[in-house]
4 protein chains.
Amino acid sequence: MTRDDPLFLRIAESFSRQGLMQLLAARIEEVAPGRCALSAPITPAVSQQQGFGHAGLGFALADSAAGYAALSLMPEGADAVSVEVKMNMLRPMSGLRLFATGTVLRAGRRITVVRADIEALQEDGSRRLTGAIQGTMMAV
Amino acid sequence: MTRDDPLFLRIAESFSRQGLMQLLAARIEEVAPGRCALSAPITPAVSQQQGFGHAGLGFALADSAAGYAALSLMPEGADAVSVEVKMNMLRPMSGLRLFATGTVLRAGRRITVVRADIEALQEDGSRRLTGAIQGTMMAV
Amino acid sequence: MTRDDPLFLRIAESFSRQGLMQLLAARIEEVAPGRCALSAPITPAVSQQQGFGHAGLGFALADSAAGYAALSLMPEGADAVSVEVKMNMLRPMSGLRLFATGTVLRAGRRITVVRADIEALQEDGSRRLTGAIQGTMMAV
Amino acid sequence: MTRDDPLFLRIAESFSRQGLMQLLAARIEEVAPGRCALSAPITPAVSQQQGFGHAGLGFALADSAAGYAALSLMPEGADAVSVEVKMNMLRPMSGLRLFATGTVLRAGRRITVVRADIEALQEDGSRRLTGAIQGTMMAV
């Protein structure tokens, strides 16, 4: 999807209003119907006590990515808010950059069920699965 | 608990190493065996797209508070890491300041089950429940 | 609440239509606004592979108890269905009888956030916390 | 995998000890390393109040399927127990038969993270996704 596609622009406009995404230096990697990927650098500024990325970093990124995946299937003018999200931590969030890719499991009229995988880009260019969320977004 | 209590110092030392807590301007409000409260200001810098606090803010605070509640019951030298956390959003995170109070449901040898309530301090001094987590911490 | 109270009757009528509750020999223990407790015997017929009660037994009971806690605050004529439920297992479900007590964290117009604690009655008459759920019910 | 494969036999032996699986008339559909599918009929005996399959039916089946997916990657002699499981309900559980297919997201030494999809077989032979779980199993 090119960056002047209406769906990309719709999500980019909302994304630009998320103060936390700016604080985390997050950016949009990919937008498609039912799918959105975001990324943010893993730095000491977003660490937990052992120096790995904080679970809250992975959650924030995955929650926004999954929310935009849901939003991408909602009618123009709708907004998506989180009802609930559950995250499993699979490995320490270590590496250069965190990628969260949200997808839609089931889009309903009001309720959309989403998943997102959280991967950490390693120095050798590979990506390692570090977390996974499953949650519910609501159209408001 | 006074601020020179060994348990408080143990948690404060770990807390000071959490880069994300500093980025969010979080502070420790309370430490007791099986219990820890943290707080952070709700500002545009940590907002979602509608101007309310981002779910990731509430999650980060609650995850750390619940982790320290678990750590407070673990043997000296142990560290607590998140295995999984589930958050329900109850109301928009609006107000002056967010408080997350973690408690322990069940402390096992390796696995500790925790909850945390997330409340938003309103201008009139009242606190409103805005979110709730239930999760699992592991001693490492 | 007496057994001819309208709220009790409303929930008892719905409960009697839940085939699975009958299969599990479950019964209603308590009904109050925002609260419902159910119980069922722990027998070999509902075990997992080690002989303890199956997680599915605890879940089914807690899901129904939490659903009725939500329903008790919904307008007459509404029905409550599960959107999502998360359960933590705290201890093996061993003992004579399992009790699930559902409570409401936040009742919204469409979405109600609930919790339920799952306790196992021991031979000495004490109750041991064996599980806890947190979930979302929707009025339909 | 044929039914005299050692992995199939290991899981079938454990499955035969799960009283609840027998009560639900469940059977093993598929076993492979990191994967297990179970199924059970949707009948009035396992319904919720509207006549659809009870969430507890889907949960029990998915919890066991995911547990066996985890067990299939654990060393001989280990057993897998549920630490926590979260289920989203995507559609009413209606149809002839429910299939739960568990897969492993990440197998650790003690902790294994799993998912399972819950599908309902329709009269026309198609399968409809009705639920999804994400959870944690532990080797004991």
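The values are calculated or read from the model by the stated rules, or taken from the named source; none is laboratory data. Because the structure is a prediction, the values reported are computed rather than measured. Positions of Cβ are generated from backbone atoms using ideal geometry, with glycine treated the same way; all protein chains shown enter the neighbour counts. The accessibility values were calculated without ligands, DNA or RNA, using every heavy atom of the protein model including side chains. Shrake-Rupley method; radii C 1.70, N 1.55, O 1.52, S 1.80 Å.
Below, the figures for the structure above:
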item	result
Identity of the residue in segment C:107-116, assigned to a strand (DSSP E or B) and over 13 Å from the mean Cα position of the chain (by Cα), that ends up nearest to residue D:86 (Cα to Cα)	C:113
Failed item in (1) without any contact (Cβ under 8 Å) to a residue 60 or more places away in the chain; (2) assigned to a strand (DSSP E or B); (3) open to solvent by 10 Å² or more (accessible area, probe 1.4 Å), with residue A:88 passing the rest	(3)
Residues (open to solvent by 10 Å² or more (accessible area, probe 1.4 Å), away from chain B (no Cβ under 13 Å) and not in a loop (DSSP other than H, G, I, E, B)) located in segment A:32-74	A:32, A:35
Lone unmet requirement of (1) outside any strand (DSSP E or B); (2) under 30 Å from residue B:112 (Cβ atoms); (3) hydrophobic (A, V, I, L, M, F, W, C) for residue D:100	(1)
Residues located in segment A:1-11, provided they are more than 14 Å from the chain's Cα centre (by Cα) and part of a helix (DSSP H, G or I)	A:6, A:7, A:8, A:9, A:10
Residue in segment C:13-40 that is nearest to the chain's Cα centre (by Cα), counting only those that are within 17 Å of residue D:54 (Cβ to Cβ) and small (Gly, Ala, Ser)	C:39
Unmet requirement for residue C:87, which otherwise passes all of (1) within 8 Å of chain D (Cβ to nearest Cβ); (2) more than 13 Å from the chain's Cα centre (by Cα)	(2)
Residue within segment A:12-31 that is in a strand (DSSP E or B), within 8 Å of chain B (Cβ to nearest Cβ) and among the charged types (D, E, K, R) present	no
Selection status of residue B:109, open to solvent by 20 Å² or more (accessible area, probe 1.4 Å), more than 8 Å from every other protein chain (Cβ to nearest Cβ) and modelled with pLDDT under 95	yes
Check on residue A:119, open to solvent by 30 Å² or more (accessible area, probe 1.4 Å), farther than 22 Å from residue A:3 by Cα, of a type outside the set (A, V, I, L, M) and not in a helix (DSSP H, G or I)	yes
Residues that are farther than 20 Å from residue B:18 by Cα and crowded, with 19+ Cβ neighbours inside 10 Å, drawn from segment A:20-31	A:28, A:31
The listed residue being outside any strand (DSSP E or B) and either within 14 Å of chain A (Cβ to nearest Cβ) or buried (at least 24 other Cβ atoms within 10 Å of the Cβ) (or both), out of B:131, B:77, B:95	B:77
Every pair of residues 6+ apart whose Cβ atoms lie under 9 Å, when the first sits in segment D:113-126 and is within 14 Å of chain A (Cβ to nearest Cβ) and hydrophobic (A, V, I, L, M, F, W, C) while the second is open to solvent by 50 Å² or more (accessible area, probe 1.4 Å) and assigned to a loop (DSSP other than H, G, I, E, B)	D:120/D:91; D:120/D:92; D:120/D:96
Options B:58, B:51; residue that is modelled with pLDDT of 95 or more, more than 22 Å from residue B:134 (Cα to Cα) and out of contact with any Pro (no Cβ under 6 Å at 6 or more places or on another chain)	B:51
